[in-house]
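Visitor: My questions will all concern the structure given below.
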Protein chains: 2
Amino acid sequence: MTPEEFRRRGHELIDWMADVRTRVYAGKHPALSPVSPGWLRSRLPPSPPQSAESFDAILRDLDEHILPALSHFQHPLFFAYFPSNTLLASVLGDHVSTGLGQLGLNWASSPALTELEELTIDWLRQMLGLSTNFSGVIEDTASTTSLVALLCARERATNYGATRGGLQEEPEPLIVYSSEQNHSSIEKAALLAGYGRRNIRLIPTDRDHALRVDVLAQTIEKDLAAGAIPAAVVATIGTTGTCALDPVAAMAELARKHGIWLHVDAALAGSAMILPECRWMWEGIEGADSIVINPHKWLGAAFDCTAYFVRDPEHLIRVMSTNPSYLRVAADGQAKNLRDWGIPLGRRFRALKLWFLIREQGVEGLQARLRRDIANAQWLKEQVDAASGWKRLAPVPLQNLCVRHEPAGLEGAALDRHTLAWCRRINSSGRAWLTPAELDGRWLVRVSIGAEATERQHVEELWQLMREEVMKEG
Amino acid sequence: MTPEEFRRRGHELIDWMADVRTRVYAGKHPALSPVSPGWLRSRLPPSPPQSAESFDAILRDLDEHILPALSHFQHPLFFAYFPSNTLLASVLGDHVSTGLGQLGLNWASSPALTELEELTIDWLRQMLGLSTNFSGVIEDTASTTSLVALLCARERATNYGATRGGLQEEPEPLIVYSSEQNHSSIEKAALLAGYGRRNIRLIPTDRDHALRVDVLAQTIEKDLAAGAIPAAVVATIGTTGTCALDPVAAMAELARKHGIWLHVDAALAGSAMILPECRWMWEGIEGADSIVINPHKWLGAAFDCTAYFVRDPEHLIRVMSTNPSYLRVAADGQAKNLRDWGIPLGRRFRALKLWFLIREQGVEGLQARLRRDIANAQWLKEQVDAASGWKRLAPVPLQNLCVRHEPAGLEGAALDRHTLAWCRRINSSGRAWLTPAELDGRWLVRVSIGAEATERQHVEELWQLMREEVMKEG
């Protein structure tokens, strides 16, 4: 494809994407795709084309085969999982990234890639109210980043055991602590980092589903008495299930006392820290060793864009660095080598999508949208609290509600069937999209507010829909 | 930004990208950026804007500040590192991915994302001549993917030790074997996976810089005799330094005999396996447990697009899987959960950029370009071999040459200074871009051929430039 063909086809695709987004914002595509497993594969050829195909054929397939098999996080009645807004200014930043074909291997391979990442992540640090004690980098996802954090914790606890005989040489078990409401990625990261399931302590939570720091303290003492080595504590700010807030300050105090690595998973709720009135939620954050926040969630950056902040970049670099001859350049020592800040060697020019977003919105624009969403969640909370037959199962510090419709006389497995049935009816209607989740052994429905297109009227529409659907029986 | 603003600005940016690419293909931007460390940061505001900025200001900054700080892998005289072509059809596929804002968490969150990835990676499997014994998935980079492979090897060797007490409970050291010419990412992966530097065996190479399988066999026997557990062998097809080809068939035989995990790193050279005449280079590949190939290199997909093929997907899933309630959907069991095929939970719609590429080029189009590049490398090899004062330091099976200009009387450190100086003169001229590398303790210059715009005339131009520059003294 020549640049002139790219120009012509690029214009067509920009128009196509603008049209799709217009329809999605207007709710004209189903929120959740109605297709069945295998639908798309059965419609596409099982083998690659030997000869070049026309671009028209590709564009036709986008409409006929791809579009019906999409679900839309940008739909105004999207209330599933978490907001992943992919704001259009960020989309354009990512388009530039891909179009320029830059590849970060070292500073010289794309000076702008390294320096704009340094700059933009520092803008974000300032927006979040973090001190200059933290340095940041952009990673792909929170899962990968929490793995990096637990690897760094492992190496600090063993005084760089990887440079000797590895984890096998450590005589005492290394322990990782986290709330039983933590995200699945924390256990996955701990297992991949080699700690072993037996060395993961899931600490019970209080009635607000936040980690009980008294139990954490006791558990640490017990492990110490048994000769184990507490290596990492993970605090979650905004748990996936209920948006619970672990007590960071008290956890930081314990971590400091025992020399334990404190990792803070603020993947979702971290975006809200651009609002000064929300920063009480992670009070004590300056005591963290590492923090992960996903600007590709509520903040609106195109996926994938995860921010990782650390207090000791030298430690991160020591754990992650490689320096083969073919990657050395004259600028080494004068410029950051971002390959030494995470697992991958090569990197996309990810900063562009965050830079475009922050500039096009301004800090105030981002703040105003998040405040709108928090107000919408508070409005829905009031409705649920006032409605008979409805129960709210967790506090609503931000934009996520946990609700259940509990008709008189229904409990246990029958209540679960009811909950899953009305949620499924809404989702399969295509009109809105919600996520069921388990809490204390019972199903509930999460209403996660924060799509860019979601205004008060859409939350009202959802609430109407919920009240209608719970009355039907499937 | 509304869809209509996106449309207008998107058209402007498509034109801007088409113009930049046109100039890059014509060699009108320097291959290697001439800026110094800190140049870009000093020109941009250190704090984020409080209010929204005009999009015109962002576009102006692209021209004035970003563009001069770019290096170009698409330049016709790009001969550095490895080809990373980012063909324009693939760029458009990635644009669609970002614009649609799809997010893979499970099948239902974007049925097309999962199913097109299944389809496209299976197309690639067929193109590479791999049997249906292999299943594939798209990951971000070879570094991450080799980490996944070594984690899977660790868990197989320990019979899923992670589900018990982790690596610390294994009494016998687990050993990883690879050539001393392997890529830095292999050692990094082994250290991160917890094996420890003492348990990494770097096997010496033969005069073609390929792993010596006799030494490998002896080393394994010695470790076994000492009670250690050989866990993983890594073969490289196309080493970064010299494009050496480790003897996969013999290594597979050893791996099979001792029950060791065989991981094949064909990150660069794997693309060439779409050419049947090149498949002798990885003869025995069907004995691999895992294979990594980077379509974002020579094949031309936009970064990041790494293909990972495994023989036992159930094992991969068991090591990587998580299944919290909030991610379960009705389609589980009928559809792949790609989150269980690697480290990250969320995923981009990466298949689009590979699907667009394969369709727009056709298998024959991709094959023709790679054959052109191989022929260009053979031409340059003949010139170097015939020229007095020049030395070639490794075979040229594909597109990478290792050369040195060795004037009479120059050796040792003085020869190194000469090598680095003429390479630096070429790079700082902006006219071409080459990578110096160390081999057997001496510097050489790698000439890696394979940019899309690189025709025979550009290789001739490089050869002329090389012969001129070695005559100058810096």
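The values are calculated or read from the model by the stated rules, or taken from the named source; none is laboratory data. Just so we're clear, the structure is a prediction, and the values are computed from it rather than from any experiment. Note that each Cβ is placed from the backbone with ideal geometry, even for glycine, and that neighbours are counted across all protein chains shown. For accessibility, only protein heavy atoms count, side chains too; no ligands or nucleic acids. Shrake-Rupley method; radii C 1.70, N 1.55, O 1.52, S 1.80 Å.
Visitor: Of all residues in segment A:86-134, how many are touching a His at 6+ places or on another chain (Cβ under 6 Å) and open to solvent by 10 Å² or more (accessible area, probe 1.4 Å)?
Guide: 0
Visitor: Which pairs turn up if I take residues in segment A:141-162 that are modelled with pLDDT under 95 and look for partners that are of a type in the set (Phe, Trp, Tyr) and crowded, with 24+ Cβ neighbours inside 10 Å with beta carbon separation below 9 Å, at least 6 apart in sequence or on another chain?
Guide: A:Ala162/B:Tyr195
Visitor: What number of residues within segment A:110-145 satisfy the criterion of being among the acidic types (Asp, Glu) and at the interface with chain B (Cβ under 8 Å from one of its Cβ atoms)?
Guide: So the answer is 4.
Visitor: So in segment B:429-451, with the set limited to residues that are basic (Lys, Arg) and outside any loop (DSSP other than H, G, I, E, B), which one is farthest from B:Ser84 (Cα to Cα)?
Guide: B:Arg442
Visitor: Something else now. Restricting to segment B:237-260, name every residue that is assigned to a strand (DSSP E or B) and open to solvent by less than 10 Å² (accessible area, probe 1.4 Å).
Guide: Matches in segment B:237-260: B:Ile237 only.
Visitor: Among the residues of segment A:6-18, write down those that are surrounded by fewer than 18 Cβ atoms within 10 Å (Cβ to Cβ) and at the interface with chain B (Cβ under 7 Å from one of its Cβ atoms).
Guide: Within segment A:6-18, A:His11, A:Asp15 qualify.
Visitor: Check segment B:85-94 and report whether any residue there is more than 18 Å from the chain's Cα centre (by Cα) and not in a helix (DSSP H, G or I).
Guide: no
Visitor: Would you check which residues across segment B:408-436 are surrounded by 14 or more Cβ atoms within 10 Å (Cβ to Cβ) and over 18 Å from B:Phe73 (Cα atoms) and list them?
Guide: Residues satisfying the conditions are B:Leu410, B:Leu415, B:Asp416, B:His418, B:Thr419, B:Leu420, B:Ala421, B:Trp422, B:Arg425.
Visitor: What is the number of the single condition among (1) more than 9 Å from chain B (Cβ to nearest Cβ); (2) closer than 30 Å to B:Ala31 by Cα; (3) among the polar types (S, T, N, Q) that A:Thr158 does not meet?
Guide: Checking A:Thr158 against (1) more than 9 Å from chain B (Cβ to nearest Cβ); (2) closer than 30 Å to B:Ala31 by Cα; (3) among the polar types (S, T, N, Q), the one that fails is (2).
Visitor: Just give me the residues in segment A:105-129 being under 21 Å from B:Lys297 (Cβ atoms) and assigned to a helix (DSSP H, G or I), in sequence order.
Guide: A:Trp107, A:Ala108, A:Ser109, A:Leu113, A:Thr114
Visitor: Taking segment A:312-367 on its own, how many of its residues are among the small types (Gly, Ala, Ser) and either out of contact with any helix residue (DSSP H, G or I) (no Cβ under 9 Å at 6 or more places or on another chain) or facing chain B (nearest Cβ under 7 Å) (or both)?
Guide: Looking only at that region, the number is 7.
Visitor: Name, by its number, the condition in (1) among the hydroxyl-bearing types (Ser, Thr, Tyr); (2) within 14 Å of another protein chain (Cβ to nearest Cβ); (3) free of Cβ contacts under 8 Å to residues at least 60 places away in the same chain that does not hold for A:Thr205.
Guide: Looking at each condition in turn, A:Thr205 falls short on (2).
Visitor: Which members of segment A:19-59 meet the condition of being in a helix (DSSP H, G or I), under 30 Å from B:Arg8 (Cβ atoms) and either within 7 Å of another protein chain (Cβ to nearest Cβ) or in contact (Cβ under 8 Å) with a residue 24 or more places away in the chain (or both)?
Guide: A:Val20, A:Arg21, A:Thr22, A:Val24, A:Tyr25, A:Phe55, A:Ile58, A:Leu59
Visitor: If you don't mind, there's one more thing I want to ask. With within 29 Å of B:Arg201 (Cβ to Cβ) and at pLDDT 95 or above as the only criterion, which of A:Leu167, A:Leu192 stands out?
Guide: One residue alone meets the criteria, A:Leu192.
Visitor: So for segment A:210-223 (the condition being open to solvent by 40 Å² or more (accessible area, probe 1.4 Å) and touching a residue at least 60 places away in the same chain (Cβ under 8 Å)), does at least one residue qualify?
Guide: No; the residues of segment A:210-223 include none that is open to solvent by 40 Å² or more (accessible area, probe 1.4 Å) and touching a residue at least 60 places away in the same chain (Cβ under 8 Å).
Visitor: Continuing with the same structure: Mind counting the residues in segment A:390-401 that are without any contact (Cβ under 8 Å) to a residue 24 or more places away in the chain and out of contact with any Lys or Arg (no Cβ under 6 Å at 6 or more places or on another chain)?
Guide: Matching residues across segment A:390-401 total 2.
Visitor: Sticking with this one: Which of the residues belonging to segment A:188-202 are open to solvent by 50 Å² or more (accessible area, probe 1.4 Å) and facing chain B (nearest Cβ under 7 Å)?
Guide: A:Arg197, A:Arg198
Visitor: Among the β-branched types (Val, Ile, Thr) and under 19 Å from A:Val292 (Cα atoms) - does that describe any residue in segment A:181-202?
Guide: Within segment A:181-202, one or more residues are among the β-branched types (Val, Ile, Thr) and under 19 Å from A:Val292 (Cα atoms).
Visitor: If I filter segment B:27-48 for residues that are open to solvent by less than 10 Å² (accessible area, probe 1.4 Å), at pLDDT 95 or above, touching a strand residue (DSSP E or B) at 6+ places or on another chain (Cβ under 9 Å) and not aromatic (Phe, Trp, Tyr), do I get at least one hit?
Guide: Yes, the conditions are met somewhere in segment B:27-48.
Visitor: Here's a check for you: in segment A:224-236, which residue that is surrounded by fewer than 17 Cβ atoms within 10 Å (Cβ to Cβ) and among the small types (Gly, Ala, Ser) is nearest to A:Ile285 (Cα to Cα)?
Guide: A:Ala228
Visitor: Is it true that some residue in segment B:69-79 is at the interface with chain A (Cβ under 7 Å from one of its Cβ atoms) and assigned to a helix (DSSP H, G or I)?
Guide: Checking segment B:69-79: at least one residue is at the interface with chain A (Cβ under 7 Å from one of its Cβ atoms) and assigned to a helix (DSSP H, G or I).
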